[in-house]
Every structure is written in C-alpha cells, then in structure tokens.
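Pasting a structure below so you can have a look.
The values are calculated or read from the model by the stated rules, or taken from the named source; none is laboratory data. From a predicted model like this one, the values you see are computed outputs, not experimental measurements. In this analysis, Cβ positions are derived from the backbone assuming ideal geometry, glycine residues included, and neighbour counts consider all displayed protein chains. Note: areas computed on protein heavy atoms with side chains; ligands, DNA, RNA excluded. Shrake-Rupley method; radii C 1.70, N 1.55, O 1.52, S 1.80 Å.
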Amino acid sequence: MDNSIHKKFIAILFSLIRACSVVPLLFTFLFNQKAFLIIFLFLFAFSVGLTSDFINSVRAVWIKKFLKEGEKVKRYRAFSNILYNISEGLGYILVGFLISTGVTFTLIFVLLIYLTSTIPISLIKVYEEPKRHQLKAGARKLSDPLNFIRKSPIVLVLFTEGFLVNFIFGMFGVLTTVMVVRIFQLPALYLSVIYLILTLGISIGSFLERKEGFPRLNRVFWSIAVLAVMLIALSYITQFIYVLLPMFIIGISIGVSEIIIFSGIQNNVPEEITGTIQGYYNSLATGLTFLSAPITGILVQFTGYHNTFFLISTFSLAIILIIIWRRTITHVHRN
C-alpha cells in the first residue's frame, strides 16, 4: 500500500466493493431467499472489515503526506472523531425509523450511503510520482514493518494499548446489551440511548485532546484508570438513569485515549511504512474487537454479569501496568 502509485484508485475501488457487498443482502429480501441470509450477512461483515482496512491504510498515508506530524495530526483526528461520532449518533436515531419502513428500504439507503462515500475520495487531488524504489516495493520483506514495531518502544507500547482498549471496548459493547435487555429488562431503544451518550462522551474527549503539543502517555494512564473505575461502578447500578453518567465518562476516556494512540503512531512511524503499519493496527484491533464478543458471552454465562465487569476492569488495569512498566517513555515525540 505504501509503495503503490494508485492509492486513490485503490480507495475508490474498495469503497465500491464495500457498497456492492450490500447487494446480495438486498436480493435475499427482494426475492425472499432468506435461506442465504446468514451466509450473506457474514460475507457483508467480512467485506466491510476488509475494505475498511485498505481504505484506512490509504487514509493514514495521506494524513502523513498532507499533515506531516505533530499537532496537525491531533487536530485532524479530534475533528474527524467528533464528526464520526455525530454521524454515528444520528445513525442510532435514524436506524429505528429506517427499520420501521422495511428492511429492503434500509438496505437501499445503506447502499446509497456507501456509493456516496466514494465522491469525496474522487475529489481528492493527489499526485503520486512513480519512483524507482516504489516500483521495486514488491521486493521488500514483509518483516520490515514488523521489525520496526518490535524495535520501537513507543510504537510497541501504543500498539499494545490500542489492542487492549479495542478488546475491552468489544467486551463492553456486549455487556451493555446484556445490562439493558437482561438486567434492566428494557426495550432495545434504551440501548440506543446508552450509545448516544457514549458517542457524545467520545466526541467531547476527542475535543479535549485536540490541543497543540505532543500527546503524553500518562494521559492514557489516567483515562484508562477512569475507565476501570467506571466499569466497576456500572456493575453495582440497579436503575437505568444512573447508568448514563458513567457511560458519558467512559466515552470521554475512550475519546482521549484514541486520539493519543492514533496521533502517537502517526508521529513515530516513517512515511514509507505508514500505510502498512496502520493496516496491521486496523486488522488486529478489529479482530480483537470481534474476538472479545464470544469471550464475553462465555464469561457472562459461566462467571456471571457482575464478575465479568470486574474482569474487564482487570484488563483495563493491565494496560496501566504496561504503561508503568515502560515508565521511561513519558512522551510520544518526534523521531
């Protein structure tokens, strides 16, 4: 990806592939072929994950090219996070209305959104000059970026934190569903309210972390410590209204951590391997998020709802121990 001279074409192509992955699902409902529904759902999920990895890798390279490093990366990520969470919040509100109009109309709407998303990419003006070292990129060993991660203490710590945060967040998503549906026995609408509050918190956390200057790892320490405390508090709450404040605080801590991890990786990775390393991060982080779902289900089944919250808090504290272990790394700085 880093050495391709057709990054814009790749981004557009995979955006279109992602849009096309909706079509089989649409046909299962149009022609009442629900026997294939599960297969096409899995294919859709796989396609969205795969294409997003490629698109995000291209985005990472362009960020490095256009913004270079430092506070511009933080401000970009904070701004994009805020927009992302606003749109996600609108999605939670809109999905109920769309489903009420029918699954077919909902899928057509999703298809149009995916197709529309290719327009901004096509408007980006990028000139990729073919260079000799780029054309010979296929000869590079795959181990080069992996060796860089292994030998860079800052990037290795950021990767470890990012993976654990994604794993915890995936477990947290399953637990909130169990909390609303099974513990409080409320309609699914209340789950949308929780995620709206959570995305609001993430947006505010991103806004707070937009400030100039290089991110400090000790802010990750405090944000994850707050996350661990809030998770323990959630395990004792017995009324829905009291859930909202911890959710909001958790959202803020996630927003702060995400900005620090992303900008830290961007600022400490050479431009020629930015896309590859971002691709590794996206793939592994997404995989851990999905892996956490069945693990959480097993934990809830065999250890109980409250004990699972405590286990997630323990995972959160493990991240803090990693930061303390690498105490000498107090700043994410320029190479």
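Within region 190-203, can one find any residue that is open to solvent by 50 Å² or more (accessible area, probe 1.4 Å), part of a loop (DSSP other than H, G, I, E, B) and at pLDDT 85 or above?
no
Something else now. For region 300-317, what are the residues that are open to solvent by less than 40 Å² (accessible area, probe 1.4 Å) and in a helix (DSSP H, G or I)?
Of region 300-317, the ones open to solvent by less than 40 Å² (accessible area, probe 1.4 Å) are 300, 304-305, 308-309, 312-313, 316.
If the condition is that a residue be open to solvent by less than 40 Å² (accessible area, probe 1.4 Å) and in a helix (DSSP H, G or I), then Val300, Tyr305, Thr308, Phe309, Ile312, Ser313, Ser316 are the ones that fit.
From the list Ser100, Ser4, which residue is of a type outside the set (Asp, Glu), modelled with pLDDT under 75, assigned to a loop (DSSP other than H, G, I, E, B) and more than 22 Å from the chain's Cα centre (by Cα)? Full working, then the answer.
Numbers: Ser100 fails: assigned to a loop (DSSP other than H, G, I, E, B).
Just a single option satisfies the conditions, and that option is Ser4.
While we're looking at this one, here's another question. So in region 235-294, with the set limited to residues that are of a type outside the set (A, V, I, L, M) and not in a helix (DSSP H, G or I), which one is least open to solvent (accessible area, probe 1.4 Å)?
First pass over region 235-294, keeping only residues of a type outside the set (A, V, I, L, M): 235-236, 238-240, 242, 246, 248, 251, 253, 255, 257-258, 262-264, 266-268, 270-272, 274-276, 278-283, 286-287, 289-290, 292, 294.
Of the ones still in play, those that are also not in a helix (DSSP H, G or I) are 235-236, 238-239, 270.
Working: Ser235: 3, Tyr236: 159, Thr238: 111, Gln239: 100, Pro270: 38 Å².
Looking at the filtered set, the residue picked out is Ser235.
What are the residues in region 29-53 that are among the aliphatic types (A, V, I, L, M), surrounded by 11 or more Cβ atoms within 10 Å (Cβ to Cβ) and more than 30 Å from Thr274 (Cα to Cα), if any? If you could, list the steps in order and put the result at the bottom.
Narrowing region 29-53 to residues among the aliphatic types (A, V, I, L, M): 30, 35, 37-39, 41, 43, 45, 48, 50.
Adding the requirement that they be surrounded by 11 or more Cβ atoms within 10 Å (Cβ to Cβ) leaves 30, 37, 39, 41, 43, 45, 48, 50.
Leu30, Leu37, Ile39, Leu41 - these are the residues of region 29-53 that are among the aliphatic types (A, V, I, L, M), surrounded by 11 or more Cβ atoms within 10 Å (Cβ to Cβ) and more than 30 Å from Thr274 (Cα to Cα).
Matching residues to (1) assigned to a loop (DSSP other than H, G, I, E, B); (2) modelled with pLDDT of 80 or more:
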| position | (1), (2) |
| --- | --- |
| Leu16 | no, yes |
| Ala19 | no, yes |
| Phe54 | no, no |
| Glu69 | yes, no |
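So, one more: Every residue in region 141-164 that is open to solvent by less than 30 Å² (accessible area, probe 1.4 Å) and within 15 Å of the chain's Cα centre (by Cα), please.
Within region 141-164, Leu158, Phe159, Glu161, Gly162 qualify.
Out of region 173-189, which residues are in a helix (DSSP H, G or I), of a type in the set (A, V, I, L, M, F, W, C) and at pLDDT 80 or above? So that I can check it myself, show each step before the final result.
Applying the first criterion (in a helix (DSSP H, G or I)) to region 173-189 yields 173-183, 189.
Keeping just the survivors that are of a type in the set (A, V, I, L, M, F, W, C) gives 174-175, 178-181, 183, 189.
Across region 173-189, the qualifying residues are Val174, Leu175, Val178, Met179, Val180, Val181, Ile183.
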